[in-house]
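Have a look at the structure below before the remarks.
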Amino acid sequence: DLGHAGSAAADTIMDFEVGIDVIDLGDALDTSHLASMNDLLHLLQLSEQDGNAVLTLFDNDHNEIQSITLNGVSESDLLGQDPTGMTDEDKLENLLNSGNLQLSNNFGDEHSNTLTADSQGESLFGFDGDDVLVAGSGDDILTGGAGNDLFTWNHDGLNTSSRPDIITDFTLDQDQLDFRDLLHDNSKSQMDDLLSHLDANINDEGKVDLTVTTDDGKEQHVVLDNVTAQDLDLSDSASSADIVNQLFSHDAFKIDPSNM
């Protein structure tokens, strides 16, 4: 069992084999609602003490509750590289990418993963690989990481609140948005169908804000949190049509070639 604030537990793994063994903290930490990897540092950190790698767990108030020492395994052994110059966030991303560390199933790794958000609102982290991140009906925060990532919405998983789903790291000319399941008008091409159902603006924070309206009047809001009007060579007062056309020019939407 984990310790608690003021009485942290301390465990030592005597024979951890890097690349073979896995530290699974999925039941120990609630990571489903993290806004960013930086928030994970509030709950988990990697350090080295006396030549041994140490994972330290914290409660929500950042009180230490557990340490896990890997006897005979240094930080560089565990990370597969010299940790000098790496940030604490870099170290955790390395552990998750390599598979040496597992959290809950909202985290991917270096492979191409399909991650699906629950109905309560969840944060998904794809990391390396060409990942598919499927939003749910809650308020989701989606981070694809490296690779060509696909962000997907299904009609039966539309966000039921007025708050948007947020994509933290959408990369133009690389990542794509998949709204195909929300479009059902087979009388015209998917591109025309999308254009007739999609509205875009630059919100008060200067981010691209998209709204897809389905044929039955339901709405899905999506904010591209790292994409500004300037990234699209537009002004903050750009029209919806201009924003959507620029996104199309950067191949931002998944369209079936047969329905062009």
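The values are calculated or read from the model by the stated rules, or taken from the named source; none is laboratory data. Note that this is a predicted model, so its numbers are computed, not measured. Glycine gets a Cβ as well: all are built from the backbone with ideal geometry, and neighbour counts include every protein chain shown.
Values for this structure:
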| quantity | calculated |
| --- | --- |
| Residue within segment 112-135 that is of a type in the set (S, T, N, Q), closer than 27 Å to residue 241 by Cα and in a strand (DSSP E or B) present | no |
| Single residue of 149, 131, 169 found to be of a type outside the set (Gly, Ala, Ser), within 18 Å of residue 253 (Cα to Cα), within 11 Å of the chain's Cα centre (by Cα) and surrounded by fewer than 19 Cβ atoms within 10 Å (Cβ to Cβ) | 169 |
| Sole exception among (1) polar (S, T, N, Q); (2) assigned by TED's automatic domain parsing to the domain that holds residue 168; (3) over 15 Å from residue 37 (Cα atoms) for residue 143, by number | (3) |
| Pairs with Cβ under 8 Å, 6+ apart, first in segment 11-36 and under 19 Å from residue 126 (Cβ atoms), second of a type in the set (Asp, Glu) and assigned to a loop (DSSP other than H, G, I, E, B) | 32/118; 32/122; 33/122 |
| Residues of segment 32-80 satisfying the condition of being part of a loop (DSSP other than H, G, I, E, B), of a type in the set (A, V, I, L, M, F, W, C) and surrounded by fewer than 19 Cβ atoms within 10 Å (Cβ to Cβ) | 35, 41 |
| Sole residue being out of contact with any Phe, Trp or Tyr (no Cβ under 8 Å at 6 or more places or on another chain), crowded, with 16+ Cβ neighbours inside 10 Å, farther than 19 Å from residue 106 by Cα and not aliphatic (A, V, I, L, M), chosen from 207, 218 | 207 |
| Residue check, residue 124 under 10 Å from the mean Cα position of the chain (by Cα) and either of a type in the set (Val, Ile, Thr) or outside the structural domain of residue 89 (by TED's automatic domain parsing) (or both) | yes |
| Of the criteria (1) of a type in the set (Phe, Trp, Tyr); (2) modelled with pLDDT of 95 or more; (3) closer than 24 Å to residue 225 by Cα, which one residue 58 fails | (3) |
